[in-house]
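In what follows, a structure is listed as structure tokens, so that the remarks can point back to it.
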Amino acid sequence: MRKAKLLLFLIGLSFYQIGLAQNINFILTSAGTLVNKEDSSDFVVINFEGKSKDEIFEEALKAVTMAYNSPKDIISKVENEMISINGTIPSCTVYRSLGIPIYFGMDYVIKLQFKDGKMRINAPYISRWFADNAPNITPFSGWLKAQSVFKNGKPNPKKQYTIDGIEGSFNNLLNSISASMFNKNKESW
């Protein structure tokens with residue numbers, strides 16, 4: 001009984017900590033760009049009341065470093081000003097062509113900028129779209145149009161799984177980094 005209560009407490013605590021972090025939700029547009037779902041801007045601002053930009057930068061750098069296996073290969077930074085993430089998400093979504101699944105991955109760039117009390121996350125930019133069994137695709141927006149992922153500027157319900165894979169990949173990554181920055185118990189391992 002005690003273990004069950006402790007487990008419930010720990011689960012509640014983790015949801016509380018994640019709840020402190022702002023939910024980052026970028027959505028894919030028919031133009032092949034990602035925008036903030038809340039206001040269609042190309043960024044999200046997360047508030048860190050009472051923290052200097054240097055403190056926020058350090059927390060972000062730690063969180064981004066922990067999110068990647070080889071951070072030195074993908075992170076570039078301007079000390080206390082900006083962090084640029086140049087990463088790859090392999091097999092982030094599937095597209096079915098004639099019933100055959102084709103798994104696509106992407107190279108992307110995400111920039112984080114800092115001011116006292118806040119961090120700006122620029123919308124992810126997809127720099128390359130690829131599949132193991134298909135040639136590199138440039139531009140990404142042309143592929144979306146050619147594959148009818150959007151119809152008349154709206155998501156095609158028959159292709160929603162493709163959109164969900166792309167959006168989910170970025171939103172899960174960014175929410176994980178954000179939650180890690182708010183997690184005050186990360187040192188208690």
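So the values come out like this:
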| quantity | calculated |
| --- | --- |
| Single match in 85, 46, 27 (criterion: surrounded by 15 or more Cβ atoms within 10 Å (Cβ to Cβ) and touching a Ser or Thr at 6+ places or on another chain (Cβ under 7 Å)) | 46 |
| Complete set of residues in the range 51-90 that are among the polar types (S, T, N, Q) and either touching a helix residue (DSSP H, G or I) at 6+ places or on another chain (Cβ under 8 Å) or assigned to a helix (DSSP H, G or I) (or both) | 65, 80 |
| All positions within the range 21-38 that are of a type outside the set (S, T, N, Q) and within 16 Å of residue 167 (Cβ to Cβ) | 24, 26, 27, 28, 31, 32, 34, 35, 37, 38 |
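Read-outs: derived from the displayed coordinates by stated rules, not from any lab. A quick note: this is a predicted structure, and the numbers were derived from the prediction, not measured. Glycine gets a Cβ as well: all are built from the backbone with ideal geometry, and neighbour counts include every protein chain shown.
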